[in-house]
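Enquirer: I am attaching a structure below and will ask some questions about it afterwards.
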């Protein structure tokens, strides 16, 4: 067993940290307040190769693993979660293409994602289908050489910005198995019948675009089916086994940031004639935060390393996801508490971290669903 | 235009409470994080820019342990063509020894320019570059904040006191110590990191360079290292601008400054 990172991994981490520190810090508060983003930052990140490092070299990617992608994610989120998400979510859906897409589909989309010429999103959740995606009713019907898609999606990351959207559609409603009814269809967002409206008023990660989609008689060629017809649910699970890893990394990055802010503040702030950091209550809290954050990182390092070596451990990935998300929420809460009244003001980063953290326990599988998966591996 | 850049990994000391070790002659460095010396980052960028415009090769050199290769990999990722690490083994070097070891290493290489940072963030002596030029018998310019290279010469901008620039022509080969702000160092890119993996990183020992043990005696002895004593807090001057100005002039007068 060797816990050391190789030189290349250390260099990737250092480069990601340097870029995020240089480009994110001055803009984070502005984007958070205005629910805005500057796409030039994403373009710059693409130019430097930080976006989609897991995409194979054959499609202009770096051909690294999900571990390296997660390392970049952790560093970006440690500087600012909202911008980290706005930059790195632009490949969300490429994992499905890599796993199940045809050669033509991969050639058409993947190189553009790496080059910063296109964004992809994936829309699964619907007003009446969240943790149970088999309830999705957005329907795709074959009509000659086309799929005709009707329905609506909600909370679609980059729904308003993406050039391509991977839609989770009901294609075989009468199949006796609810796990055989859906399929993924790749949709260019300039197709007639695709309408998106940006959602406002998010609690956190406000630099990142989230939209509601309305799909009316949207037609794409039958070749735009990704993977196998009726296999959408299983493909979705395979997709989540990749993307949940970078959620873990997001949680670890956010928790690190909460710890850094706490250390800085409690060393500088004096009460009762001594720095807050000299009180045992503060010290125990910091020790717990650091321990749990380290544990969360080790969980995702292991899960990602196993995945990159061809061993997909569904239960381990689920453990890493809920644990690192919950830890991020706890650390942000503890950090705000240590800041007292200052932490309640948005000029202090901990306020943003507190708001940004919560989504981690919700998106790409709520922590309850993750625990259901873990329990499933224990009780089978 | 072949360029050699001398780089160094230094402890990150900002926002850190430094401690002196038991010997009283050293800072405790174990728990510190390390980064590239800021000046050297600008030196690498300056070298890579010249190489991109004029062709030739950039070689990055450091003296240090395997951990210090991090700064060489950085230089390679930024565009340097090859790197050399001199492993000093157990030898603890000072500025003079660094210059001596670098001189011996470089004397076997082809070059038009040698860049070093003006100084290093750890020792801040600012002497290695100049001593290196002396040992190699080269012309040098210190605190360079602009370079326009030609065939056999370079126009060099050097920072003097009071924000004045001195412009001169220097015959090549020459050594320049590079000031921060001379350019905007690029970010290390993922592509750069992948390319760096394929570039040569040569490791040499002092034996490889042909040093006998007696040749390497430090010329500096540190007697004591201490933290600056804590002084009284600053005096805050309050009032409107005129009152503040008046008070300032009075205080400066009391301290012997004629205004």
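Enquirer: Mind listing whichever residues of the stretch B:81-97 are away from chain A (no Cβ under 14 Å) and in contact with a strand residue (DSSP E or B) (Cβ under 6 Å, 6 or more places away or on another chain)?
Expert: B:81, B:82, B:84, B:86, B:87, B:88
Enquirer: Separate question: Exactly one of (1) farther than 23 Å from residue A:95 by Cβ; (2) surrounded by fewer than 24 Cβ atoms within 10 Å (Cβ to Cβ) is unmet by residue A:189. Its number?
Expert: Every condition holds for residue A:189 apart from (1).
Enquirer: Only one of A:30, A:68, A:74 is touching a helix residue (DSSP H, G or I) at 6+ places or on another chain (Cβ under 6 Å), under 28 Å from residue A:202 (Cβ atoms) and at pLDDT 95 or above. Can you tell me which?
Expert: Only one candidate qualifies: A:74.
Enquirer: Could I ask something else about it? Can you go through A:245, A:236 and tell me which one is within 24 Å of residue A:103 (Cβ to Cβ) and under 17 Å from the mean Cα position of the chain (by Cα)?
Expert: That would be A:236, the only listed residue that is within 24 Å of residue A:103 (Cβ to Cβ) and under 17 Å from the mean Cα position of the chain (by Cα).
Enquirer: Let me ask another. Considering the stretch A:22-48 alone, what residues qualify as being closer than 23 Å to residue A:114 by Cβ, more than 10 Å from every other protein chain (Cβ to nearest Cβ) and surrounded by fewer than 15 Cβ atoms within 10 Å (Cβ to Cβ)?
Expert: Scanning the stretch A:22-48 gives A:39, A:40.
Enquirer: Additional query: Could you tell me whether residue B:194 is outside any strand (DSSP E or B), modelled with pLDDT of 95 or more and within 23 Å of the chain's Cα centre (by Cα)?
Expert: No; evaluated as a whole, the condition is false for this residue.
Enquirer: At negative phi, assigned to a helix (DSSP H, G or I), at the interface with chain B (Cβ under 9 Å from one of its Cβ atoms) and in contact with a helix residue (DSSP H, G or I) (Cβ under 8 Å, 6 or more places away or on another chain), is that true of residue A:10?
Expert: It is true that residue A:10 is at negative phi, assigned to a helix (DSSP H, G or I), at the interface with chain B (Cβ under 9 Å from one of its Cβ atoms) and in contact with a helix residue (DSSP H, G or I) (Cβ under 8 Å, 6 or more places away or on another chain).
Enquirer: Shifting gears a bit: So residue B:250 fits all but one of (1) under 30 Å from residue A:46 (Cβ atoms); (2) away from chain A (no Cβ under 14 Å); what number is the exception?
Expert: Going through the list (1) under 30 Å from residue A:46 (Cβ atoms); (2) away from chain A (no Cβ under 14 Å), residue B:250 breaks only (1).
Enquirer: Related question: Only one residue in B:133, B:141, B:174 is out of contact with any helix residue (DSSP H, G or I) (no Cβ under 7 Å at 6 or more places or on another chain), touching a residue at least 24 places away in the same chain (Cβ under 8 Å) and under 18 Å from residue B:96 (Cα atoms). Which one?
Expert: Just a single option satisfies the conditions, and that option is B:133.
Enquirer: Give the stretch B:178-223 a look and list any residue that's touching a strand residue (DSSP E or B) at 6+ places or on another chain (Cβ under 8 Å), farther than 15 Å from residue B:101 by Cβ and loosely packed, with under 13 Cβ neighbours inside 10 Å, or say none.
Expert: B:181, B:200 - these are the residues of the stretch B:178-223 that are touching a strand residue (DSSP E or B) at 6+ places or on another chain (Cβ under 8 Å), farther than 15 Å from residue B:101 by Cβ and loosely packed, with under 13 Cβ neighbours inside 10 Å.
Enquirer: Can you find even one residue in the stretch A:166-175 that is within 30 Å of residue A:14 (Cα to Cα) and part of a loop (DSSP other than H, G, I, E, B)?
Expert: Among the residues of the stretch A:166-175, not one is within 30 Å of residue A:14 (Cα to Cα) and part of a loop (DSSP other than H, G, I, E, B), which makes the answer no.
Enquirer: Which residues, taken from the stretch B:116-137, are in a loop (DSSP other than H, G, I, E, B) and within 30 Å of residue B:11 (Cβ to Cβ)?
Expert: Once the filter is applied, which keeps residues that are in a loop (DSSP other than H, G, I, E, B) and within 30 Å of residue B:11 (Cβ to Cβ), the stretch B:116-137 yields B:118, B:119, B:120, B:121, B:122, B:123, B:124, B:125, B:126, B:127.
Enquirer: When the residues of the stretch A:54-79 are narrowed to those that are at the interface with chain B (Cβ under 10 Å from one of its Cβ atoms), in contact (Cβ under 8 Å) with a residue 12 or more places away in the chain and surrounded by fewer than 24 Cβ atoms within 10 Å (Cβ to Cβ), which ends up nearest to residue A:93 (Cα to Cα)?
Expert: Out of the qualifying residues, it is A:61.
Enquirer: Quick check on my filter: what residues within the stretch B:121-134 are touching a strand residue (DSSP E or B) at 6+ places or on another chain (Cβ under 7 Å) and modelled with pLDDT under 95?
Expert: Across the stretch B:121-134, the qualifying residues are B:121, B:122.
Enquirer: Is it true that some residue in the stretch B:150-170 is more than 14 Å from chain A (Cβ to nearest Cβ) and in contact with a helix residue (DSSP H, G or I) (Cβ under 8 Å, 6 or more places away or on another chain)?
Expert: no
Enquirer: Another question, then. Taking into account only those residues within the stretch B:197-216 that are more than 23 Å from the chain's Cα centre (by Cα) and part of a loop (DSSP other than H, G, I, E, B), which is nearest to the other protein chains (Cβ to nearest Cβ)?
Expert: B:197
Enquirer: Wholly within the stretch B:1-98, which strands (runs of 3 or more DSSP E) include no fewer than the required count, namely at least 1 residues that are in contact (Cβ under 8 Å) with a residue 12 or more places away in the chain and over 16 Å from the mean Cα position of the chain (by Cα)?
Expert: By residue number, B:58-63, B:82-87.
Enquirer: Condition (residue is within 14 Å of residue B:113 (Cα to Cα), surrounded by 12 or more Cβ atoms within 10 Å (Cβ to Cβ) and modelled with pLDDT of 90 or more) applied to the stretch B:24-43: is it met by at least one residue?
Expert: yes
Enquirer: Being within 14 Å of chain B (Cβ to nearest Cβ), under 25 Å from residue A:164 (Cα atoms) and either part of a loop (DSSP other than H, G, I, E, B) or in contact with a helix residue (DSSP H, G or I) (Cβ under 7 Å, 6 or more places away or on another chain) (or both) is the requirement here; does residue A:51 meet it?
Expert: Yes, satisfied.
Enquirer: Moving on to the next point. Which ones in the stretch B:171-191 are part of a loop (DSSP other than H, G, I, E, B) and within 14 Å of chain A (Cβ to nearest Cβ)?
Expert: Result: B:184, B:185, B:186, B:187, B:188, B:189.
The values are calculated or read from the model by the stated rules, or taken from the named source; none is laboratory data. Small disclaimer: the values here were computed from a predicted structure and weren't measured. Because the Cβ atoms are built from the backbone with ideal geometry, glycine has one as well, and the counts that use them run over all protein chains shown.
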